[in-house]
Amino acid sequence: MITSLSWLKNHLETKLNLNQVAERLTEIGLEVESIKSSDSNLDNFIICKILKAQKHPNADKLKLCDVDIGSGTLVKVVCGAQNARDGLFAVYAPPGAVIPKNNMKLKIAKIRGIESHGMLCSGYELGESSDKEGIIELNKKEKNIGEKYFKNTGEKTMDIAITPNRPDCLGVRGIARDLASTGIGRLKKQPPIKIDQKFKNPIKVSIKKEKGQGCGVFGSVYIKNVQNKESPDWLKKRIISLGLKPVSAIVDATNYVMFDLNRPLHAYDADKIDQEIIVRNSKKGESFKALDNKKYTLENNMCAISDRSGILGLGGIIGGTRSGTELSTKNILLESAYFFPPSTRKTSKILNIDTDAKYRFERGIDPDSVKLGLELGMCMILDMCGGEPSKFSIVGKLKDERKKIDLEPEKFSKVAGFTITSAEIKKILMSLGCSLKMSGKKIKVLPPTWRPDIKEDVDLIEELTRIKGYDKVPLINPEKENVKDTLNFRQKLFHFTQRSVASKGYTEAVTWSFTDSKTNILFSELKNEIKLSNPISTDLDVLRSSLYSNLIIGVKKNIHRNFEDLMLFEIGPVFKGSKPGEQSTMIGAMKTGKYSRKNWIEKERNFDVFDIKNDALRTLNEIGIDSSKITVSNKSKKWYHPGRSGLLSLGSASGPELAYFGEIHPSIIKKLDLKTDNILGFEIFLDNIPESRKKIRESKPQFTVSDYQKVVRDFAFVIDEKYSSGEIINLVKKIDKELIKNVKIFDVYQGENITSGKKSIAFSVILEPKDKTLSEKDIDEVSKKIISIVQETTGATLRS
Amino acid sequence: MENFNKIESEILNKIKDIKDRSSYESIKTEIFGKKGVITELFKKIGSLDQDQRKDYASNLNSLKTKVTEILDKKLETFDQSEINKKLKNEKIDVTLPGRNYFSGKIHPVSQVIDEVTSIFSEIGFSVEEGPDVENEYYNFSALNTPDNHPARDMHDTFYLDHSKDLLLRTHTSPVQIRTMLKSKPPFKIIAPGRTYRHDSDQTHSPMFHQLEGLHIDKNINMGHLKGCLYYFVKKFFEVEKVKIRFRPSHFPFTEPSAEVDIGYKIEDGKIKIGEGDKWLEILGCGMVHPNVLKNVKVNPKQYQGYAFGVGIDRLAMLKYGINDLRAFFESDIRWLEFYGFDPLDVPTNYRGLSR
């Protein structure tokens, strides 16, 4: 909502200046977002005198003028107007000025070989008249040269953010009323109107009784023999200051009343109305051309203002061109109506129309303002255009939906935290337009018709707090007492894992929850992707089913900037369905490029599967899952290299999935056109991490150390290549769980000297006795057992 | 009786001849070997008279100690000179770079969530969460924002179905509803999380982060709200004094409602929070609307309280001087490393929120 101090002063007597008013407005919840000079561009246009107008040497119809623009400055301007002549006072626009009519910015330009510094303006170009012939001729004196042509453009305007609960402040008077209630001035009374209205409105109006009728009241006045014209300066300037275009006196008057009183009006060319006005529900398929020059085709049950020939306009939203007023209009019908907010909003949403009237009706217009609107609109039009008005015709009646609210003064302090006297309560509420009645300790309050937002006592409490000032609310220091743990297990896990992964060298990214369906599908096992009905762009059209799709897009962008060795991760939701809760929390991490690149100290080496496996495993260890409980298997997902990926699961290979790791599938790398052949990743399913019932300190066994020497023995077997290292380790460990502390593989070899289909595998077995020192005999026995069991189970042969 | 002085000077003379490790060994054998000078002298002890034996043994032992010490010292000088010789050949250029390593970073949004959680933890709030996908009821209706209410225009919503029932939450406020429905008052919670609006320009991104706060109890008024937010802002920006303004505003789910502005100034091109005469809006808040309490079966005659919502990304931008919101989500490794935090830098109350 835009207004100025002078406009406010039409309604408010106050001594405050603009800045003080703005400050007060913000304090009472009418936030002044900015203060601007209304149009600094208009300041560019100045009064000048043509000293000499000669024929342009290269063009018959053009003139070359020497123009005095004040303070002794002469400029040369090329001008095409016939009336440009010696000694004429005119309006000069310098280079840089923007011509109001066509928004063209002037530049120094050569016209037929001669430079023109700016231009001399016609009334048409300044948006002041339709007269395109010739430049403006001013009746001025020498001393006026150099003055601004547009007066009062210096008045600043305030742009006020009006919250949706305050339709009354979408009119200047509402703002003035709020200001007055704070005690900074007095709200002026609206002057009474006395106009002779002798004849009956010749246009019959009816509101059809239908289900869902969007119109409650339709008031109108017929004015005959008007002479429509341009608005006077003061009105044009106000209209321009609102960011609107002056159209004609009649249209400008309706707009003025809308912004002055929050009372939309509409003027019809009465001669274009086919006999009568019928307000009715539209039928699907009906159409009309609206004043925004677009054709709208209506659905059923929209509030249509129609005549016998069809639709004239949409009630409370927009009028139609068929009955629009023009400068030649002779007789008008001025409408002031009440349209219900829900129907206005619904229709405008479906048709996607946004107008100032719609904005007001959907928030709620004062239902009692129908007559006032007609009066003020009529007066303005009569003043400017003359004419004879009919009697008002007001069709329809609204039920007064307001309820009396019981306000207990103690309730105020219970909510606001400070007290207020009954006298203050009365004064403030009355100045806001409420009617009050005392009833014991309670105050019975009837809110004014223009405040649809005041429905219950808290609404009144807000009014009182707001007008008293939020700075009156005391500051009560918070208590430092904890009733509940700040974080639960899942939340702690989230924060811990996040930092655990980062501490392994991964940089955390936060990416959209939506992603490109083309990439998402590469990393998804969902049958149906979760589409957004209204994505922000076509490449962010689905909810992600994996963290990988946005991560790999991020990896790609970084590689393209030549950051080719990098580690990124994200922790956050992935989506399994489109219902609330169908999501799970995951970690996705990717690394690409080389572990070491062109380095004096070590060989170049790509990141590999064992890097990524380690990262995943160590993270799981750090969040409390012991390696002994984790099974590594070669189960995988379609987006991994089938031979270079695996699963970490809890307990057995078929236990809950903790994490997948591996190389990203080469065909995905190819498809996404990544400039690398080496991307690895791991995904941790945080929701599958079990919550331990015991604290770590409780589940730990007693601390014991063996005083006996540990013994290490190495073995090497040639074994069928189908056996995984994990299987061999598990096999050996099982032989004597007490004695065998660990099995460490230190060599795996395939190739020369080994039969194809077989591999050589060498491992150390660490024996840790608990109750005695192992004798050679003991060690031999265990060794033999290991050899025989490995041989029997796998058909391996001991390598000599 | 032996002349120990003489023997000693003979031994010391021998020791003087030691030149290297091998002559050391042979001379040590001459003295302490099976037939060494001192070994021989010890052998004699048994054959001595009782009265001589004591003096003899004492003299011999002190001779042995002295010689051993001298020999040990000799050996040490050999060790030392050998080490010194080795060190001469072991010089390397320590200014060469070491082995490669990658240091990870925590995203500013995550860091700020941890900071904020730490602050509210101190004053008794616990953390709640809610789903990113919501239905219309939790996101709007239950929050006193009925269908066809213009307040919905302030939330450009992403929908997942054409009936517009399933949507991406436009704020963290539905967590209020979910929290209150699943339990009984009092409530004292914060809820950080992702939020979504169909909006994208320099200062808006289609996804951003909010922190919801809710405190419902029997005697909670606007003064508590004010105290809580003052405490938060002061702690978060780590300033002694802070200029805050509560300005009336409107949210359908609170009444009275307020927006909170924080004073700032620009100094040397950098924003300075807490002083100055410019105002910056940082959060919205208010007393929970009785209709909201009714919707979650909490009796508004018995209980009341406040709620607030603050933009986490905006807090991060203000505190850490980040200009472009959209850069948060672009995964540019240069940006992430520049603005990111060390994983060990966990915000806590006792070590301070930030370094």
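No value in this document is a laboratory result; all are computed from the given coordinates. The model shown is predicted, which means the values in this text are computed figures rather than measured ones. Here the Cβ is made from the backbone with ideal geometry for all residues, glycine too, and neighbour counts use every protein chain on show.
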- Query: Per residue, how much space in cubic angstrom lies within the convex hull of the C-alpha atoms of the range B:1-159?
  - Reply: 369 Å³
- Message: Would the range A:146-275 count as rounded, prolate or oblate if I go by the C-alpha gyration tensor, calling it rounded below 1.5 in a/c and otherwise prolate when a/b exceeds b/c, oblate otherwise?
- Response: oblate
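Please compute, over every Cα-Cα pair in the range A:489-688, the percentage with a separation greater than 28 angstrom.
Details: 4776 of 19900 pairs.
Summing the P(r) tail past 28 Å for the range A:489-688 gives 24 percent.
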- Message: Can you order the peptides A:689-700, B:339-350 by their average number of other Cβ atoms within 10 Å per residue, highest first?
- Response: B:339-350, A:689-700
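Among B:164-172, A:263-271, A:718-726, what's the highest-first ranking by average C-beta atoms within 10 angstrom per residue? The partial results should precede the final answer.
Details: B:164-172: 21.3, A:263-271: 23.6, A:718-726: 15.0.
Sorting B:164-172, A:263-271, A:718-726 by mean packing, highest first, produces A:263-271, B:164-172, A:718-726.
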- Taking 0.36 nm per intervening residue step and subtracting the Cα-Cα distance, what contour gain separates A:SER287 from A:ALA653 on full extension? 125.1 nm
- Item | For chain B: relative contact order, % (alpha-carbon pairs under 8 angstrom, 6 or more apart) | 16 percent
- In peptide B:154-165, what is the residue-averaged number of other protein chain Cβ atoms found within 10 Å of each Cβ? 3
- Message: Which chymotrypsin sites (Phe, Trp or Tyr not before Pro) in the range A:557-603 sit in a loop by DSSP (not H, G, I, E or B) and have at most 11 other Cβ atoms within 10 Å of their own Cβ?
- Response: A:TRP600
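Using a 10 Å cut-off around each Cβ of peptide B:104-115, what is the average number of partner chain Cβ atoms that fall inside?
On the way: counts 14, 6, 8, 9, 2, 2, 9, 1, 0, 2, 3, 0.
The shielding value for this peptide is 5.
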- Under the definition of Cα pairs under 8 Å and six or more residues apart, what whole-number percent is the relative contact order of the range A:40-144? 26 percent
- Query: Which lysines have a Cα less than 27 Å from the Cα of B:LYS34, not counting those fewer than 8 places away in the same chain?
  - Reply: B:LYS6, B:LYS14, B:LYS16, B:LYS19, B:LYS43, B:LYS44, B:LYS54, B:LYS64, B:LYS66, B:LYS73, B:LYS74
- Task: Evaluate the distance, in nm, between pseudo-label points positioned 7 Å from the Cα of A:LYS518 and of A:PHE563 along their respective Cα→Cβ axes.
- Result: 2.4 nm
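Want the number for A:SER764 to A:ARG112: 0.36 nm per residue separation, take away the alpha-carbon distance, what's left? Spell out each step's value before the answer.
Working: separation 652, 0.36 × 652 = 234.72 nm, distance 9.69 nm.
So the extension gain works out to 225.0 nm.
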- With the cut-off at 16 Å, report for the range B:122-212 the share of all Cα pairs above it, as a whole percent. 56 percent
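How much of the DSSP bridge set in the protein assembly as shown is antiparallel, in percent, rounded to the nearest 5? Please list the in-between numbers first.
Working: 183 of 193 bridges.
Bridges in the protein assembly as shown that DSSP calls antiparallel: roughly 95 percent.
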- Span from the the range B:118-171 Cα centroid across to the the range A:57-132 one, whole angstrom: 58 Å
- Computed label-point distance, nm, for sites B:THR77 and A:LYS209 using a 7 Å Cα→Cβ extension: 13.0 nm
- Message: Once you order the gyration tensor axes a ≥ b ≥ c over the Cα atoms, which shape class does the range A:654-727 get: rounded for a/c under 1.5, otherwise prolate or oblate by comparing a/b with b/c?
- Response: oblate
- Provide the three semi-axes, in whole Å and in decreasing order, of the ellipsoid equivalent to the range A:405-468 as defined by the square roots of 5 times the Cα gyration tensor eigenvalues. 16, 13, 11
- Among B:SER103, B:SER249, what is the fewest-to-most ranking by other Cβ atoms within 10 Å? B:SER103, B:SER249
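Work out the FRET efficiency for A:ARG799 and A:SER692 from their Cβ-Cβ distance, taking R0 = 45 Å, and round it to the nearest 0.05. Walk me through the numbers before you get to the answer.
Details: r = 43 Å, r/R0 = 0.95.
Given R0 = 45 Å and the Cβ-Cβ separation, E is 0.60.
Taking only C-alpha pairs under 8 Å that are 6+ residues apart, what is the relative contact order of chain A in percent? Could the numbers behind the result be given before it?
Values: 1536 pairs, mean separation 62.2, N = 800.
Averaging sequence separation for qualifying contacts and normalising by length gives 8 percent for chain A.
Could you please rank B:LYS6, A:LYS391, placing first whichever residue has the fewest other Cβ atoms within 10 Å of its Cβ? If you can, show how the numbers build up before the last one.
Working: B:LYS6 9, A:LYS391 12.
Final ranking by Cβ density, sparse to dense: B:LYS6, A:LYS391.
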- To two decimal places, what compactness ratio does the range B:4-89 give when its Cα radius of gyration is scaled by 2.2 N^0.38 Å? 1.32
- Query: Hey, with R₀ at 45 Å, roughly what FRET efficiency would A:LYS330 and A:SER533 work out to, going by the Cβ-Cβ distance, to 0.05?
  - Reply: 0.35
- Item | Peptide A:567-578, shielding by other chains (average Cβ, 10 Å cutoff) | 3
- Once the Cβ-Cβ distance between A:LEU487 and A:PHE703 is put in as r, and R0 is 22 Å, what FRET efficiency do you end up with, to the nearest 0.05? 0.15
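What translational D, rounded to a whole number of µm²/s, comes out for the protein assembly as shown from Stokes-Einstein when the hydrodynamic radius is the Kirkwood one over Cα pairs, at 20 °C and 1.002 mPa s?
For the chosen part, D equals 56 µm²/s.
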- Task: Please work out the ratio of the alpha-carbon Rg of the range A:700-800 to 2.2 N^0.38 Å and round it to two decimals.
- Result: 1.17
- Query: What are the aspartates and glutamates whose alpha-carbon lies under 12 Å from the alpha-carbon of A:LYS404, with same-chain residues fewer than 8 places away excluded?
  - Reply: A:GLU456, A:ASP457
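Is the C-alpha gyration tensor of the range B:108-339 telling us rounded, prolate or oblate? Criteria: a/c under 1.5 is rounded; beyond that, a/b larger than b/c is prolate, otherwise oblate. If you can, show how the numbers build up before the last one.
Numbers: a/c = 1.75, a/b = 1.23, b/c = 1.43.
Oblate shape, in that a/c is at least 1.5 and b/c is the bigger or equal ratio.
What ranking, highest mean first, results for peptides A:708-714, B:242-248, B:85-91 when packing means the other Cβ atoms within 10 Å averaged over each residue? Provide the component values of the computation, followed by the final result.
On the way: A:708-714: 13.1, B:242-248: 19.4, B:85-91: 7.9.
Output ranking for A:708-714, B:242-248, B:85-91: B:242-248, A:708-714, B:85-91.
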